[in-house]
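Everything below concerns the one structure shown next.
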Amino acid sequence: MRHTVWFFFIAMIVGGLGAARLWDGAQTAMGLESLPSGISSLAMLLGIQIGMAGFAWLTLKRAGVQVNQMVGTFPPKYNWIGGLGWAIALMIFTFSFMAMVAYTAVALFPDAIADRMIPLFTAIAQEKNPFWVDVCMALLGSIVAPLSEEFTFRGLFLHCWSAHRSMSVGLILTGLLFALLHPQNFVGMFVFSLVLSLLYLRTRSLWVPIGVHALYNGIIFSGNLISLATNGSGSTGSESPEAFAEATVNEAIASISQARFGITAGVFLLLAGFFVARFLYKNWPGATTQLPYTYNLLMSQES
């Protein structure tokens, strides 16, 4: 498993850097240097997803796994309204947790936060990509990422760690690895991974966590696109990027530091946390719980 994890990271790095280098080379060869710089980032992210999914596919095939049984059938009677509800509940939980962390950090270290955030927002303001690049990024995040990440984390790592150790250990280690790749909200993404893994164990269909993951990302990216379409992508008006970034950061810090912000975030965190904790408790696997691949394989053999 240690070798598997190391090769997984290597596959992502090679895929991301390789795709970015290929795009940069093609851009130079075809004289397309005037294209937005965001396309290079888009190519890198796409390469990471392809490297991740390709590594998972090859590892499963080398192990003799029937990938179609690991994925399972698309559940025709699954309550996708409930799936949307879980996407919203997870979004409320992860964002309210992140808001509580931001509230605490701003209350304790306001000057340090401002010093770190202003250069970041300045770089964002300076990068003026056309709207269609943002749309492509949203499609990548809402369609490609859920497919490749669920295939890798739920399909490969959850099965591998559960088979080598126990299902509980598999759930936890898969969640930690998933959160490690989403460090901007480590705890929230760890819980997010646990819920998706339990949905997979309960339905024995990888399409369910893929769908909930896609709904979750789709809501976030849709909000971002609406904001960009309303305010303009990377627009700073007549202000310089530095002045725009400083004003934005100071305004955000002033808003986050208010007590009502912390109270609101805390209330949402408690409400969403209750439903998430209840789901984890009721659906945590027992000694007789079978992995989706094992169950689907047995069912196919019996039929």
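Summary of values
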{"quantity": "Inter-part distance where region 68-95 and region 239-296 are each reduced to a Cα centre, Å", "calculated": "18"}
{"quantity": "Length-normalised contact order of region 142-262 in % [C-alpha pairs under 8 Å, at least 6 apart]", "calculated": "21"}
{"quantity": "Segment Met299-Leu280, extension gain: residue separation times 0.36 nm, minus the distance between their alpha carbons", "calculated": "4.2 nm"}
{"quantity": "Unit Cα scatterers, Debye sum, the chain: log10 I(q)/I(0) for q = 0.11, 0.13, 0.15, 0.16 Å⁻¹", "calculated": "-0.79, -1.07, -1.32, -1.42"}
{"quantity": "Pairwise centroid distance, computed over Cα atoms, of region 102-168 with region 1-64, Å", "calculated": "17"}
{"quantity": "Accessible carbon and sulfur surface of the chain relative to its total accessible area, %, 1.4 Å", "calculated": "68"}
{"quantity": "Globularity index of region 1-99, i.e. its alpha-carbon radius of gyration over 2.2 N^0.38 Å", "calculated": "1.51"}
{"quantity": "Principal axes of region 88-207: Cα extent on each, largest first, Å", "calculated": "47, 39, 25"}
{"quantity": "Per-pair calculated FRET efficiency, R0 = 25 Å: Leu139 and Asp24 via Cβ, rounded to 0.05", "calculated": "0.70"}
{"quantity": "Mean separation of Cα contacts under 8 Å (6+ apart) over length of the chain, as relative contact order %", "calculated": "28"}
{"quantity": "Per residue accessible area in Å² of region 33-163, where ligands, DNA and RNA are left out and the probe is 1.4 Å", "calculated": "51"}
{"quantity": "Computed P(r) (all Cα pairs; region 173-303; 5 Å bins; percent)", "calculated": "2, 8, 10, 15, 17, 14, 11, 8, 6, 4, 3, 2, 1, 0"}
{"quantity": "Of Val191, Ser222, Gln69, farthest towards positive along the dipole that unit charges on Lys, Arg, Asp, Glu beta carbons give the chain", "calculated": "Gln69"}
{"quantity": "Of the DSSP H helices in the chain, those whose Cα atoms cover at least 20 Å axially and whose Kyte score averages 0.0 or more", "calculated": "2-29, 38-62, 80-108, 110-126, 186-203, 207-231, 241-256, 259-283"}
{"quantity": "Percent of Cα pairs exceeding the 14 Å cut-off, where the set is region 149-193", "calculated": "40"}
{"quantity": "Ile10 paired with Leu35, simple spin-label distance in nm, labels 7 Å along Cα-to-beta-carbon", "calculated": "3.0"}
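The values are calculated or read from the model by the stated rules, or taken from the named source; none is laboratory data. Source: prediction; values computed, not measured. Heads up, the Cβs are rebuilt from the backbone with ideal geometry, glycines too, and the neighbour counts pull from every protein chain shown. Protein only, heavy atoms only, side chains kept; ligands, DNA and RNA dropped before computing areas. Shrake-Rupley method; radii C 1.70, N 1.55, O 1.52, S 1.80 Å.
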